[in-house]
Amino acid sequence: MKHIIAPYLPEHAVDDIFEMIKRYGVNLKIVNERVTRHGDYRKDARGYHQITVNANLNKYRFLITLVHEIAHLAAFEKYGRNIKPHGQEWKLTFQQLMVPYIRPEIFPNQLLPLLARHFRNPKASSDTDATLSIALKQFDEKSEKNYIFEIPYGSNFRIHNGKIFKKGAQRVKRFECLEVSTGKIYLFSPNAEVELLP
């Protein structure tokens, strides 16, 4: 298993993560990209702890995602299955599991202060922390996609399922965008990745 996970993780995190996977009895599957999530955890009918993580994530996002999912398992084991999936018990568990990795041997220096701030009160997804998400994106393979906040007001863009939208005004944190074919308004996170159309 260690040789399987090693290419997906920062080098100095591999041994500790391998031990964590063994300690919690995780059945880890590295899967093709899913647009709606980076990873997930479930306990299957036989009682096995199944965690999936997208194979296309950069090493730093993969590490954060894997620990995020293991934190679900650890929090359920410690506090019971009736806790909220991203409630206080999970946040505390995620902090405790993740903080030992927030060091320069594992993460680049420019990410360390952003991670330290994020893990004071971790969110359900690192993507909801726009600053951290953008900083992590610089380690992704190059892509033709843009974040919504980067594209000009009124421009058209395509999302992963082929639907086309026109960018509208920002409403508090999200952008109102018009689906061109239906005229319906949808709200998009500023760091949703889209394909800008000419």
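If we scan segment 82-93, do we find a residue that is touching a helix residue (DSSP H, G or I) at 6+ places or on another chain (Cβ under 7 Å), of a type in the set (Lys, Arg) and surrounded by 15 or more Cβ atoms within 10 Å (Cβ to Cβ)?
no
Among the residues of segment 145-177, write down those that are among the aliphatic types (A, V, I, L, M) and surrounded by fewer than 17 Cβ atoms within 10 Å (Cβ to Cβ).
164, 169, 172
Restricting the first residue to segment 155-174 and requiring it to be β-branched (Val, Ile, Thr), which pairs with a second residue that is in a strand (DSSP E or B) meet a Cβ separation below 8 Å and a spacing of at least six or different chains?
What qualifies is 159/165; 159/194; 159/195; 164/156; 164/157; 164/158; 164/179.
Need a quick list: helices (runs of 4 or more DSSP H) entirely within segment 82-168 having at least 1 residues that are within 16 Å of residue 58 (Cα to Cα) and touching a strand residue (DSSP E or B) at 6+ places or on another chain (Cβ under 8 Å).
Output list reads 130-137.
With the requirement that a residue be of a type in the set (Lys, Arg) and exposed (fewer than 12 other Cβ atoms within 10 Å of the Cβ), what does segment 99-129 give you?
120 - this is the single residue of segment 99-129 that is of a type in the set (Lys, Arg) and exposed (fewer than 12 other Cβ atoms within 10 Å of the Cβ).
Please go through (1) over 26 Å from residue 110 (Cβ atoms); (2) modelled with pLDDT of 90 or more for residue 139 and return the number of the only condition it doesn't satisfy.
(1)
Suppose the filter is at negative phi, among the aromatic types (Phe, Trp, Tyr) and modelled with pLDDT under 95; does residue 94 pass it?
Criteria not met by residue 94.
How many of the residues making up segment 39-57 are in contact with a strand residue (DSSP E or B) (Cβ under 7 Å, 6 or more places away or on another chain) and at pLDDT below 90?
Residues in segment 39-57 being in contact with a strand residue (DSSP E or B) (Cβ under 7 Å, 6 or more places away or on another chain) and at pLDDT below 90: 3 in total.
Checking residue 69 against (1) in contact with a strand residue (DSSP E or B) (Cβ under 7 Å, 6 or more places away or on another chain); (2) of a type in the set (Asp, Glu); (3) surrounded by fewer than 16 Cβ atoms within 10 Å (Cβ to Cβ), which test does it fail?
In the conditions (1) in contact with a strand residue (DSSP E or B) (Cβ under 7 Å, 6 or more places away or on another chain); (2) of a type in the set (Asp, Glu); (3) surrounded by fewer than 16 Cβ atoms within 10 Å (Cβ to Cβ), residue 69 misses (3) alone.
The values are calculated or read from the model by the stated rules, or taken from the named source; none is laboratory data. Since we're looking at a predicted model, the values are computed, not measured. In this analysis, Cβ positions are derived from the backbone assuming ideal geometry, glycine residues included, and neighbour counts consider all displayed protein chains.
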